[in-house]
Amino acid sequence: MFSLKQNSWFIRKVVIWRAVASIAWSVLLLPVTTAVFVLLSRFSLFHPIQWISDCTSLLTASSTIFSLVVLCGVVLITGFFNLEFYTLVPSIPCSRMALLGTVLHPRQCVHSLVYCTMGMLVMWCASVTIGGRYSTLGTPCRQSESGEVVTCLNEYHLFLLLAGAFMGYSHSFLGVVQNMYYVSFQPIQQYKYPRFKGCLPMVVKCSVIQALYSARNFAALYFFFGYVPKTWISSTLNLQIDSSLQPLDSLTGLLDFSLLYHLSISGAFLYLTWYLTVLLFRIYVTEFLALQDLALLSQHSLSRRLEVFNLSQPGGHPHNWNAISGECLCLLSELTQRLVAHQDAVASNGRVKSQSASSDTRSASSSSSVVSGTEDIAETPRLSVPLRTPGSVFKSSVGGANRVLTAPFTPDVDSPFSSPAIRRLVGQQDPHSPWSGTVQSPHIMRRGPKLWSASTESQSNGSPPGSPATVPSPPAASQKPSFLAQWLQNRREQVKSFLAKRVLIMYLFNKLPEASSQALFADSQAHIWALQGLSHLVAASFSEDQFGVVQTTLPNILSCLVVLLEAVDRHFKLPHASSKPVRTLCSMGDSTYKTLRFALRAALKTAIYKITTTFGEHLNAVNISTEHRKRLQQFLEFKE
């Protein structure tokens with residue numbers, strides 16, 4: 001236990017130092033981005049010499065230096081949020097209600113409030129840098145009636161400040177929707193500078209596009225509701241409103257090219273500051289990890305492979321190989337059982353019903369096809385790894401043991417439309433159920449009547465009740481539910497039936513397409529590396545394993561890979577599992593998690609082909625089941 005805690009503390013310390021290094025580089029890049037912003041804000045096509053002179057004097061002014069200090073504070077806070085919110089497993093809400101709950105979570109509300117404040121600070125620095133009519137919130141003006149000079153509200157300065165708050169909230173909101181804090185790993189490792197140089201044009205493009213979208217949306221919002229903050233701030237700060245100027249919450253006031261131009265470049269500067277911090281954090285934190293190191297070095301390093309195949313002294317035991325293969329097989333078996341549990345929940349009609357009757361018919365037909373497609377599969381050895389539900393699997397080993405990164409099926413458990421199958425999937429199982437404890441997959445045992453299903457539930461699902469010989473005897477009279485419990489259950493069913501007829505309720509609680517499939521494979525990058533590392537080591541053992549340590553576990557490895565392949569193939573027959581997500585135009589949110597299931601299937605088949613092409617007909621001497629041998633023969637004949 002001590003070594004585990006010590007290892008977790010060491011990993012956390014490494015990540016913190018990498019985050020500090022990324023923040024330091026972000027701070028060093030601030031003068032460069034600020035200089036570019038100054039050049040664009042004071043741009044003058046017809047007076048280039050004066051333009052360069054004004055920009056040079058402005059860059060050395062005290063106001064610019066003070067703005068850089070404020071921007072450094074913004075970068076530090078942004079880097080802290082990157083370290084606190086980053087995740088290796090994306091959070092995928094399976095319904096709109098789950099997404100709404102994530103956005104309205106108190107932790108997310110604090111995040112949004114802080115980013116709104118930082119957006120206003122950056123826009124204040126931008127308005128001071130631009131100068132002119134944007135420099136201060138209060139400006140002297142002359143009253144038309146009395147003629148005296150008073151302090152009036154500078155609506156141009158207020159416009160930029162409110163735009164900064166709006167962009168800050170937009171960044172925080174998109175961070176949730178687009179999983180901006182999800183950190184993925186590149187298939188090909190690069191040094192920091194080449195990777196930064198390759199990603200920089202994309203970051204600049206995303207900053208400009210997002211700034212234009214935000215400027216358009218804020219201008220429309222200010223047109224309808226701009227008078228509210230303007231009136232409140234003027235009355236709070238005792239500032240007059242200059243009636244001689246055109247108000248900005250009007251069509252003629254917003255159709256100001258100079259205003260829209262400065263709003264756009266200020267927004268681009270704001271997003272570029274944040275996006276560069278996010279990019280540098282991703283580059284520093286995604287350096288070599290354990291499984292990634294295994295996947296790469298097992299393919300390219302002969303000396304490291306020989307260390308794996310060697311025997312420990314004294315005793316002559318293959319501890320290195322047993323530890324590596326055991327961890328990889330445990331990881332792959334966990335994914336297999338997770339897929340099996342999900343397939344059983346879908347086959348048991350454990351999904352939220354659609355709004356229309358046609359959707360119900362399609363769901364029922366797809367579920368029945370999954371069941372019928374798994375009834376004639378022969379028996380295979382039972383997997384020995386206990387079931388780990390998505391809620392228990394997705395824990396942060398770096399950000400703390402108590403922080404749940406994602407729990408894809410959790411939002412549907414408390415839903416009034418969740419079924420018993422979904423509750424069994426997330427761990428709320430009946431202790432008397434045959435599924436309590438270890439999991440029997442659809443391809444491990446022949447399906448018979450579900451003994452844990454009540455006869456009324458079977459009839460409501462459209463399946464015939466079990467025969468008297470297979471249905472367990474009713475419980476004793478002392479175990480029957482009381483009248484009050486039965487009455488409460490009936491009232492609950494009536495409420496569920498009433499809410500299910502409401503379109504808005506169903507819209508919020510219905511599952512999002514592909515969400516469940518994406519959530520199942522959300523952490524599959526580790527499984528891909530395990531497949532690559534294990535297959536490379538097994539293939540290399542054909543000529544490099546002098547002691548035959550790999551041969552002792554080769555049957556288990558082949559069986560594990562074939563069972564996982566069967567589970568993956570069944571999953572891709574489910575609705576929305578094989579549909580590819582729509583590509584976004586430009587976003588800093590990493591969307592690679594949406595295609596991880598396709599990458600895992602390709603990596604799994606590649607791993608099996610790597611082994612079969614290396615061993616060839618020698619695999620006939622391996623002690624595996626007949627069904628697995630037939631499936632491997634398909635790979636030997638290149639029919640997969």
Subset of region 298-323 (residues that are in contact (Cβ under 8 Å) with a residue 12 or more places away in the chain, in a helix (DSSP H, G or I) and surrounded by fewer than 21 Cβ atoms within 10 Å (Cβ to Cβ)): Gln299, Leu302, Arg305, Leu306, Glu307, Phe309, Asn320, Asn322
So which residues in region 89-134 are of a type in the set (Gly, Ala, Ser) and in contact with an Asp or Glu (Cβ under 7 Å, 6 or more places away or on another chain), if there are any at all? Ser95
Under 8 Å by Cβ, and 6 or more places apart or on different chains, what pairs join a residue from region 131-143 that is under 16 Å from Val38 (Cα atoms) with one that is hydrophobic (A, V, I, L, M, F, W, C) and at pLDDT below 90? Gly131/Leu58
Listed residues Ala219, Ala215; which is within 30 Å of Ala35 (Cα to Cα), open to solvent by less than 50 Å² (accessible area, probe 1.4 Å) and either among the basic types (Lys, Arg) or in contact with a Gly (Cβ under 6 Å, 6 or more places away or on another chain) (or both)? Ala215
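Scan region 235-261 for residues that are open to solvent by 70 Å² or more (accessible area, probe 1.4 Å) and in a loop (DSSP other than H, G, I, E, B) and jot them down. Reasoning before the result, please.
Taking region 235-261 first, the residues open to solvent by 70 Å² or more (accessible area, probe 1.4 Å) are 235-238, 240-241, 243-246, 251-252, 255, 257, 261.
Leu237, Asn238, Ile241, Ser243, Ser244, Leu245, Gln246, Leu255, listed by residue number.
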How many residues are part of a helix (DSSP H, G or I) and touching a helix residue (DSSP H, G or I) at 6+ places or on another chain (Cβ under 9 Å) if we restrict to region 499-514? 7
Pull out all pairs, ordered by first then second residue, where Cβ-Cβ is under 6 Å, the residues are six or more apart or on different chains, the first lies in region 13-33 and is in contact (Cβ under 8 Å) with a residue 12 or more places away in the chain and over 14 Å from Tyr275 (Cβ atoms), and the second is open to solvent by less than 50 Å² (accessible area, probe 1.4 Å) and hydroxyl-bearing (Ser, Thr, Tyr). Arg18/Tyr284; Ala21/Tyr284
Any residue that is more than 28 Å from the chain's Cα centre (by Cα), in contact (Cβ under 8 Å) with a residue 40 or more places away in the chain and crowded, with 19+ Cβ neighbours inside 10 Å - is there at least one of those in region 281-289? no
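Considering only region 12-42, how many residues are among the β-branched types (Val, Ile, Thr) and open to solvent by 60 Å² or more (accessible area, probe 1.4 Å)? First the steps, then the outcome.
Kept after step one, since they are among the β-branched types (Val, Ile, Thr), are these residues of region 12-42: 14-16, 20, 23, 27, 32-34, 36, 38.
Within this subset, residues satisfying the condition of being open to solvent by 60 Å² or more (accessible area, probe 1.4 Å) are 16, 20, 32, 36.
Selection size over region 12-42: 4.
Can you name the helices (runs of 4 or more DSSP H) wholly within region 68-178 that have at least 2 residues being within 27 Å of Val228 (Cα to Cα) and touching a Cys at 6+ places or on another chain (Cβ under 8 Å)?
Details: elements: 96-103, 106-130, 155-177.
In region 68-178, 155-177 are the helices (runs of 4 or more DSSP H) which contain 2 or more residues that are within 27 Å of Val228 (Cα to Cα) and touching a Cys at 6+ places or on another chain (Cβ under 8 Å).
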From the list Thr102, Thr60, Thr117, Thr78, which residue is touching a Gly at 6+ places or on another chain (Cβ under 9 Å) and over 24 Å from Tyr261 (Cβ atoms)? Thr117
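Among what's in region 504-531 and is of a type in the set (Phe, Trp, Tyr) and modelled with pLDDT under 80, pick the residue that is most open to solvent (accessible area, probe 1.4 Å). If you could, list the steps in order and put the result at the bottom.
Applying the first criterion (of a type in the set (Phe, Trp, Tyr)) to region 504-531 yields 507, 509, 521, 529.
Then keep just the ones that are modelled with pLDDT under 80; that gives 507, 509.
Working: Tyr507: 111, Phe509: 38 Å².
Looking at the filtered set, the residue picked out is Tyr507.
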Give region 489-503 a look and list any residue that's among the hydrophobic types (A, V, I, L, M, F, W, C) and surrounded by 12 or more Cβ atoms within 10 Å (Cβ to Cβ), or say none. Leu499, Ala500
Scan of region 543-565 for residues that are in contact with an Asp or Glu (Cβ under 9 Å, 6 or more places away or on another chain) and in a helix (DSSP H, G or I), ordered by number: Val562, Leu565
(1) in a loop (DSSP other than H, G, I, E, B); (2) among the aliphatic types (A, V, I, L, M); (3) touching a residue at least 24 places away in the same chain (Cβ under 8 Å); (4) open to solvent by 60 Å² or more (accessible area, probe 1.4 Å): which one isn't true of Leu45, the others all being true? (3)
Those residues of region 77-108 which are touching a helix residue (DSSP H, G or I) at 6+ places or on another chain (Cβ under 9 Å) and hydroxyl-bearing (Ser, Thr, Tyr) amount to Thr78, Tyr86, Ser91, Ser95, Thr102
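Residue by residue, here is whether (1) surrounded by fewer than 20 Cβ atoms within 10 Å (Cβ to Cβ); (2) assigned to a helix (DSSP H, G or I); (3) without any contact (Cβ under 8 Å) to a residue 60 or more places away in the chain; (4) within 35 Å of the chain's Cα centre (by Cα) holds:
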{"position": "Ala599", "(1), (2), (3), (4)": "yes, yes, no, yes"}
{"position": "Lys605", "(1), (2), (3), (4)": "yes, yes, yes, yes"}
{"position": "Thr612", "(1), (2), (3), (4)": "no, yes, yes, yes"}
{"position": "Glu617", "(1), (2), (3), (4)": "yes, yes, yes, no"}
{"position": "Asn620", "(1), (2), (3), (4)": "yes, yes, yes, no"}
{"position": "Asn623", "(1), (2), (3), (4)": "yes, no, no, no"}
{"position": "Glu627", "(1), (2), (3), (4)": "yes, yes, no, no"}
{"position": "Gln633", "(1), (2), (3), (4)": "yes, yes, yes, no"}
{"position": "Glu640", "(1), (2), (3), (4)": "yes, no, yes, yes"}
So, of the residues in region 182-212 that are out of contact with any strand residue (DSSP E or B) (no Cβ under 9 Å at 6 or more places or on another chain) and in a loop (DSSP other than H, G, I, E, B), which turns out to be surrounded by the fewest Cβ atoms within 10 Å (Cβ to Cβ)? Ile188
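The values are calculated or read from the model by the stated rules, or taken from the named source; none is laboratory data. It should be emphasised that the depicted structure is a prediction, and the values quoted were computed from it without experimental measurement. Note: ideal-geometry Cβ built from the backbone for every residue, glycine included; neighbour counts use all protein chains shown. In case anyone asks, the SASA skips ligands and DNA or RNA and just uses the protein heavy atoms, side chains included. Shrake-Rupley method; radii C 1.70, N 1.55, O 1.52, S 1.80 Å.
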